[in-house]
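Novice: Below are the structure tokens for one structure; questions will follow.
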């Protein structure tokens with residue numbers, strides 16, 4: 001795991017939203033880029049020259065020479081190609097639209113819906129004098 005990870009308080013431990021990855025090694029950089037690729041929200045890249053770029057990481061090519069990412073900068077229609085080495089840090093700044101949509105959350109939601117439906121049917125049956 002990247003050596004220097006700072007996280008904002010989160011309601012869900014699985015979300016990277018609010019985290020900032022800074023890299024102490026090339027392995028940290030690769031792991032941070034992999035996490036940014038898997039993240040479904042926008043990220044902000046801090047470039048080696050200090051520039052901040054906000055957008056969505058749509059692809060990564062770790063075996064390319066040099067390794068690079070394809071990155072849709074917010075407000076632009078075409079992806080930019082950015083070498084891994086140019087990325088100094090990654091902040092998970094955008095909301096992850098899939099956060100909280102795990103299997104456990106889905107099962108819990110469905111159980112609640114089934115219980116609400118059973119309660120509604122019972123109330124209707126009681127109102128009609130069937131129970």
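The values are calculated or read from the model by the stated rules, or taken from the named source; none is laboratory data. All values derive from a computational prediction rather than experimental measurement. Positions of Cβ are backbone-derived with ideal geometry, glycine not excepted, and every protein chain shown enters the neighbour counts.
Novice: Give the residues of region 31-55 that are touching a helix residue (DSSP H, G or I) at 6+ places or on another chain (Cβ under 9 Å) and under 21 Å from residue 18 (Cβ atoms), sorted by residue number.
Specialist: Of region 31-55, the ones touching a helix residue (DSSP H, G or I) at 6+ places or on another chain (Cβ under 9 Å) are 33, 43, 45, 47-49.
Selection gives 33, 43, 45, 47.
Novice: For region 90-105, state whether one or more residues are surrounded by fewer than 13 Cβ atoms within 10 Å (Cβ to Cβ) and modelled with pLDDT of 90 or more.
Specialist: The answer is no, given that none of the residues of region 90-105 is surrounded by fewer than 13 Cβ atoms within 10 Å (Cβ to Cβ) and modelled with pLDDT of 90 or more.
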